[in-house]
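Here the structure comes first, spelled out in C-alpha cells, and everything after it is commentary.
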Amino acid sequence: MNDDGLLREALGEWLHAEGLPARVIDAVASVAREPFLPPGFDADEVYGDDALPIGCDQRATPPRLAAHMVALADVRPGDRALVLGAGRGYTVALLEALGATALGVELEPSLVDAARAARMTPLNIVVGDAARPPEGPWDVVLAHVAVPTLPTAWTRILAPGGRLVAPVGQPGETTLHVWREGILTPTTRVDVSPLQPPR
C-alpha cells in the first residue's frame with residue numbers, strides 16, 4: 001500500500017475511534033482527496049486535519065469535518081443532497097460514494113471548473129450563491145458556509161424528514177448544528193473554524 005493508501009487507512013481508523021458509521025468510513029476510504037486540491041501538497045497534508053488553501057481566498061473542508069457532516073446528515077442511498085459552498089467538490093464526491101444524488105453550489109467559477117476537472121466523470125457542481133440555493137425538495141443540505149443564524153432559505157428547501165447540517169453561531173462560537181423536522185440541535189464534536197463566513 002502506498003503512502004496515500006496508508007494515510008487514508010489511518011484516517012478511517014481515526015473516524016472509527018470517533019464513532020462514525022462504517023459506511024461513512026468506507027466512503028472516505030473510497031474517495032481520493034488529491035484531485036480536489038491544488039497541486040503541491042504532500043500526503044500528510046492531504047489527509048491531515050488542516051483546512052488547505054484552494055484558491056480564491058478559500059480553504060478546503062478537512063476530510064474529518066466533511067465525514068462528520070455527512071454522518072450527522074444520515075445520508076442514505078437515493079437521497080437528493082445539496083452542498084452549499086462546495087469548493088472543489090470533495091464533499092460532493094463523498095455524498096455520491098454514499099449513494100446520494102448530489103449537487104454542489106459554489107460562488108467562485110474557477111473552483112467550479114477545478115471541481116469538474118477533478119475526475120473522469122465530472123461532478124455535478126454549478127456556480128451559485130449559498131444565499132439563494134436551488135429549489136428543493138432536498139433530503140440533505142450540507143452548508144460549508146458559517147452563518148450567525150440559520151437562514152430560512154435553507155430550511156424551506158428541505159423535503160419532509162430532510163436533514164440540514166450547518167455551522168451556526170457568532171465568530172469564535174460557531175458549532176455544527178443539525179436541523180431536522182423543525183428542531184435545531186447543536187453538536188460539539190468537531191472544530192468548524194475551517195468553514196468560512198459568507199461573502
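The values are calculated or read from the model by the stated rules, or taken from the named source; none is laboratory data. Quick caveat, the model's predicted, so the values are computed rather than measured. All Cβ positions, glycine included, derive from the backbone under ideal geometry; neighbour counts span all protein chains shown.
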_Can you tell me which residue is modelled with the highest pLDDT among those in segment 168-199 that are outside any strand (DSSP E or B), farther than 17 Å from GLY85 by Cβ and in contact with a strand residue (DSSP E or B) (Cβ under 6 Å, 6 or more places away or on another chain)?_
THR187
*Candidates LEU65, LEU98, LEU72, LEU15 - the one that is among the aliphatic types (A, V, I, L, M), closer than 25 Å to THR185 by Cα and modelled with pLDDT under 85*: LEU15
*Select from segment 19-54 the residues that are at pLDDT 85 or above and touching a Pro at 6+ places or on another chain (Cβ under 7 Å) and list them in ascending order.*
VAL28, ARG33, ILE54
*For THR155, indicate whether it is touching an Asp or Glu at 6+ places or on another chain (Cβ under 9 Å) and hydroxyl-bearing (Ser, Thr, Tyr).*
no
_Test of understanding: among VAL92, VAL70, VAL105, which residue is under 20 Å from ARG180 (Cβ atoms) and touching a residue at least 24 places away in the same chain (Cβ under 8 Å)?_
VAL70
_Report every pair of residues separated by at least 6 positions or lying on different chains whose Cβ atoms are under 9 Å apart, first residue within segment 125-137 and in contact (Cβ under 8 Å) with a residue 40 or more places away in the chain and loosely packed, with under 15 Cβ neighbours inside 10 Å, second among the aliphatic types (A, V, I, L, M) and in a loop (DSSP other than H, G, I, E, B)._
PRO134/ILE157; PRO137/ILE157
*Given the conditions (1) out of contact with any His (no Cβ under 8 Å at 6 or more places or on another chain); (2) under 17 Å from PHE36 (Cβ atoms); (3) not in a loop (DSSP other than H, G, I, E, B), and given that PRO122 satisfies all but one, which numbered condition is not satisfied?*
(3)
*asked:* Any residue in segment 24-37 that is more than 15 Å from LEU65 (Cα to Cα) sitting within a Cβ distance under 8 Å of a residue that is among the aliphatic types (A, V, I, L, M) and assigned to a loop (DSSP other than H, G, I, E, B)? List the pairs, counting only those 6 or more apart or interchain.
replied: PRO35/ALA118; PHE36/ALA60; PHE36/ALA118; LEU37/LEU52; LEU37/ALA60
*Does segment 131-157 hold any residues that are part of a loop (DSSP other than H, G, I, E, B), of a type outside the set (D, E, K, R) and either touching a helix residue (DSSP H, G or I) at 6+ places or on another chain (Cβ under 8 Å) or within 20 Å of ALA67 (Cα to Cα) (or both), and which are they?*
ALA131, PRO133, HIS144, ALA146
_Those strands (runs of 3 or more DSSP E) lying entirely in segment 1-115 with at least 1 residues of a type in the set (D, E, K, R) and crowded, with 21+ Cβ neighbours inside 10 Å_ = 101-106
